[in-house]
Amino acid sequence: MQNAYEYVSSAKLPTRFGEFRIHGFVEASGQEHVALTYGAWSEDDTVSIRIHSECLTGDALFSTRCDCGFQLERALQNMVKQGSGVLLYLRQEGRGIGLLNKIRAYELQDAGMDTVEANEHLGFDADLRDYSICKTMLDTLNVKHVELMTNNPKKLKALKNMGIDVVARKPIDHGITDDNIRYITTKRDKLGHAFDPHLLKGD
Ligand SMILES: Nc1nc2c(ncn2[C@@H]2O[C@H](COP(=O)(O)OP(=O)(O)OP(=O)(O)O)[C@@H](O)[C@H]2O)c(=O)[nH]1
Ligand SMILES: [Zn+2]
């Protein structure tokens, strides 16, 4: 059977933080994803990784409604500081509902709903993401053992279920602001995310 996900090509990617490499992958559906790598490792090493879902508003447009942009920046900085690491950048905007539905959800949040209620009001589950492409990406990049930068228990579970050895979780609590404190506490209370309680002072 043909693999549903394929590696396409790699190139240098100099950034504000250091020189990474970018690797392109495509799903049978045509959906494109990228991985960024920094440094080198062998199959037995534990590699520090971040699985990051696309957030155009936070990652590219400087939004402080969520913590995405802050986390993305911190993850890349951590990799450079540690000398190696992998970012899997997955094109599943808005936890899988897409950009324009996320904006619809934001409008409902402006009227008082929380992030989960807004998704459900639009007829979506709170989180529609699928992490199965991560296996192809990590196999291609020769990564078998990982330390995962996340607060999201679903990502840890998904990696373990696909046979990746998750050696540790590294919390990524960067970017909590007055603009996103409600979003963060909803992630903790309704989606089970782990946050260091002393960081949630606005609670
Ligand atoms: N539907 C919806 N999606 C949102 C909202 N705010 C942010 N997002 C999306 O949530 C996703 C956040 O993904 P990640 O950065 O991978 O992080 P996470 O699942 O919060 O978990 P961490 O690994 O702990 O950061 C992105 O796809 C954002 O576009 C919102 O209010 N509604
Ligand atoms: Zn975001």
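Take the range 23-41 and flag every residue that is hydrophobic (A, V, I, L, M, F, W, C) and surrounded by fewer than 20 Cβ atoms within 10 Å (Cβ to Cβ). Let's see the steps before the verdict.
At the first step, the residues of the range 23-41 found to be hydrophobic (A, V, I, L, M, F, W, C) are 25-26, 28, 34-36, 40-41.
Within the range 23-41, 26, 28, 34, 40, 41 qualify.
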Can you find even one residue in the range 37-50 that is assigned to a loop (DSSP other than H, G, I, E, B), within 19 Å of the chain's Cα centre (by Cα) and not charged (D, E, K, R)?
-> no
Which members of the range 57-113 meet the condition of being within 18 Å of residue 130 (Cβ to Cβ), in a helix (DSSP H, G or I) and more than 10 Å from ligand 2 (Cβ to nearest atom)?
-> 96, 99, 101
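Looking at the range 73-86, which of its residues are in contact with a strand residue (DSSP E or B) (Cβ under 7 Å, 6 or more places away or on another chain) and surrounded by fewer than 22 Cβ atoms within 10 Å (Cβ to Cβ)? Spell out how you get there, then give the answer.
As a first pass, look at the range 73-86 and keep what is in contact with a strand residue (DSSP E or B) (Cβ under 7 Å, 6 or more places away or on another chain): 75-76, 78-80, 82, 84-86.
Those that are in contact with a strand residue (DSSP E or B) (Cβ under 7 Å, 6 or more places away or on another chain) and surrounded by fewer than 22 Cβ atoms within 10 Å (Cβ to Cβ): 76, 78, 80, 82, 84.
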Set 151, 119: member being within 12 Å of ligand 1 (Cβ to nearest atom) and in the same structural domain as residue 39 (by TED's automatic domain parsing) = 151
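Filter the range 132-142 down to the residues that are over 17 Å from the mean Cα position of the chain (by Cα) and touching a residue at least 60 places away in the same chain (Cβ under 8 Å) and list them by number.
Just the residues of the range 132-142 that are over 17 Å from the mean Cα position of the chain (by Cα), to begin with: 139-142.
The answer is 140, 141, 142.
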Find all pairs meeting these conditions: Cβ atoms under 7 angstrom apart; at least six residues apart or on different chains; first residue within the range 58-75 and assigned by TED's automatic domain parsing to the domain that holds residue 187 and on the phi > 0 side of the Ramachandran plot; second residue at pLDDT 95 or above and near ligand 2 (Cβ under 9 Å from one of its atoms).
-> 62/69
When the residues of the range 47-56 are filtered to those that are under 19 Å from residue 68 (Cβ atoms) and either more than 7 Å from ligand 1 (Cβ to nearest atom) or not acidic (Asp, Glu) (or both), which remaining residue is surrounded by the fewest Cβ atoms within 10 Å (Cβ to Cβ)?
-> 56
Out of (1) part of a loop (DSSP other than H, G, I, E, B); (2) away from ligand 1 (no atom under 14 Å from the Cβ), what's the single condition that is false for residue 138?
-> (1)
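Among the candidates 59, 44, single out the residue that is buried (at least 17 other Cβ atoms within 10 Å of the Cβ) and not aliphatic (A, V, I, L, M). Break it down stepwise before answering.
Details: 44 fails: buried (at least 17 other Cβ atoms within 10 Å of the Cβ).
On inspection, the qualifying residue turns out to be 59.
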Tally of residues being in a strand (DSSP E or B), crowded, with 17+ Cβ neighbours inside 10 Å and of a type in the set (Lys, Arg) across the range 146-172 = 1
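Table: residues versus (1) polar (S, T, N, Q); (2) more than 14 Å from the chain's Cα centre (by Cα).
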residue: 118; (1), (2): no, yes
residue: 130; (1), (2): no, no
residue: 146; (1), (2): no, yes
residue: 155; (1), (2): no, no
residue: 159; (1), (2): no, no
residue: 162; (1), (2): no, yes
residue: 186; (1), (2): yes, yes
Starting from residues that are at pLDDT below 85 and buried (at least 16 other Cβ atoms within 10 Å of the Cβ), keep the ones in the range 173-183 and report whichever is farthest from ligand 2 (Cβ to nearest atom).
-> 173
Given (1) modelled with pLDDT of 85 or more; (2) surrounded by 13 or more Cβ atoms within 10 Å (Cβ to Cβ); (3) not acidic (Asp, Glu), where does residue 195 come up short, assuming only one miss?
-> (1)
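The values are calculated or read from the model by the stated rules, or taken from the named source; none is laboratory data. Note that the structure is predicted; figures quoted are calculated from it, not measured. With ideal geometry, Cβ positions are generated from the backbone for all residues, glycine too; neighbour counts draw on all protein chains shown.
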